[in-house]
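Single-structure report; data block below.
What follows is calculated from the coordinates using simple rules that are stated; it is not laboratory data. Source: prediction; values computed, not measured. Here the Cβ positions follow ideal geometry from the backbone for every residue, glycine too, while neighbour counts run over all protein chains shown.
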Amino acid sequence: MPATPSDLLIEAERHLLASAFLDPIWLAAAKRDLETRHFAQPSHGIIWAAIVASTADGAAADEISVTAALTASGDLERVGGVAGLNAVTSTLYSPSPAVHRWQQTVLDAAKARAMHTALEGLAAKAASGVFTPEDLASEAARISALGAPERKKGDTGPTRFDFADLLAFDKDADPTAVIGNRYLCRGGSCLLVAQTGAGKSALTTQAAISWSLGQDFFGLRSRKGPLRSLILQSENDQGDVAESVQGTMAGLGIASSSETARIIGSRVAFYREAVRTGEEFGAMLRELVLANQSDLVFIDPLLGFAGIDINNQEQASHFLRHILQPVLTETGVVLFSIHHTTKPPKSAKDAPPQTVNDLSYLGAGSAELANWHRAVMVLTKDQIPEGQPEQPLYTLRLAKRGGRAGVKDPETGEYTTTIPLRHSRQQGVIRWERRGGDQTRQPDPLPIEQKPPAKAFSPPDLGQGSDSWL
């Protein structure tokens, strides 16, 4: 007979059920993984089935709906009535980051029970003397497979491409293309590298809002029309994010009370997460992407969520390929990783020669970062001629796969991989603008010598820039 479930397991099941009423993001993902049979306590499995049934239309779980579902199925008394349900739902009073550990405890216990039952059956077959050693060995191998680690979400194993499909593929009609000429496709990734203080967070906010309206972002166009974005911050607080949102909206001429603003709010979701890293972050990322039905996700900064020694290639590969990639593969979301550059050289003579392709490796840490990401953007501050006042002039270079981005120079109409930008000229406004007219000049060919970014600037003929940048 199977062993009696431990008190620890029963408590884990109770906490999971209580979490369903408090954590709708976790519930949306858990309904695909947890089944009634996974619960050792029969009443817990019945409650879980009622939770799943009452939230089938995407509604949040609540006691009234679950009670109604239990009553309709005739199972209310089997769980101890309303009092029994209340005893479970009152286990927690707020969402808990331990919910993933409880879920894994329940799933592992269910797997162990399945193995216990199968082993009892194997023992009975062996004692009967009817089955051959080969039959028993085959059954033992099947049971052993029950204990093998399950594939990560999104890991479907090697995929063989049909040769005829490869010959018939139409790159201009690729349904997976999201941005540019297959610059970024579903499940793809882009590394955005810039110095601290340059304004990376504001740049990503502006990109997400522009794409949410189906507009191009400095020449980078959506192939899918309006896109839904998820932005995960680990450093900026609500005020920091609010400033960049308000600056972008003002630059686009969108009133905060308008219907357009409401639409943007429904398509761009901002979260702050300053605790989860590594595996826990990967699980949370998957849930948030699914819950928000995101086309794009920005993680800002990458190191805030990795929880690794970024210089260690083995650790970098594990985080990128075994934690992030399964999420991208399963959901099809496009990832933008916001990352810092290495410390700039003190002078030009200290910097090794670089080409545009070399810029892909300008980010701090292992080369695996540039190798794994499908595309790399590098935002560099332009050198200011000696004797000239400090100005907020930057260049965004599409260093990896830039030829596929489809960006055109607005003056010449020719394709380009460099986008000249600047901070807003309006004092106190956090926003990016494309340089044009008298502000357009050839960017420095390579970022050999860079000065620390100024927190405030006051060019006499251009006005003052923002005092702080995200």
Points 7 angstrom from Cα along the Cβ direction at F163 and E279: gap in nanometres?
-> 4.2
Under 5 Å, built H, 5+ apart or other chain: amide partners of L393 | D382
Which aspartates and glutamates have a Cα lying under 19 Å from the Cα of K125, excluding residues fewer than 8 positions away in the same chain?
-> E134, D135, E139
Over 23 Å between Cα atoms, which of K31/K224; K171/K200; K381/K408 qualify?
-> K31/K224; K171/K200
Measuring from label point to label point, each 7 Å out along Cα→Cβ, what is the A367 to R32 span in nm?
-> 3.5
For the peptides 259-271, 285-297, what is the packing order when you average, over each peptide's residues, the other Cβ atoms within 10 Å and list the highest mean first?
-> 285-297, 259-271
Using the Cβ atoms and a cut-off under 14 Å, what net charge is assigned to the surroundings of Q313, where Lys and Arg are +1 and Asp and Glu are -1?
-> -2
For region 162-178 and region 8-60, what is the separation of their C-alpha centers, rounded to whole Å?
-> 41
Calculate, in nm to one decimal, what A118 and K408 gain on full extension: separation in residues at 0.36 nm each, minus their alpha carbon distance.
-> 98.0 nm
Listed residue (A53, S73, L122) projecting farthest to the positive dipole end of region 52-127, Cβ model | L122
Rank by packing, highest mean first: peptides 323-334, 230-241, with packing defined as the count of other Cβ atoms within 10 Å averaged across residues.
-> 323-334, 230-241
In nanometres, what is the gap between the two model label sites at E77 and T196, each 7 Å from Cα along Cα-to-Cβ?
-> 6.7
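Nearest 5 is fine: what % of DSSP beta bridges in region 203-345 come out antiparallel, could you say? Intermediate results must be reported in sequence, preceding the final value.
Numbers: 1 of 15 bridges.
Roughly 5 percent of the DSSP beta bridges within region 203-345 come out antiparallel.
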Peptides ranked, highest mean first, by Cβ atoms within 10 Å: ranges 243-250, 115-122, 402-409 | 243-250, 402-409, 115-122
If we count every other residue with Cβ under 14 angstrom of L122's Cβ, Lys/Arg +1 and Asp/Glu -1, where does the sum land?
-> -2
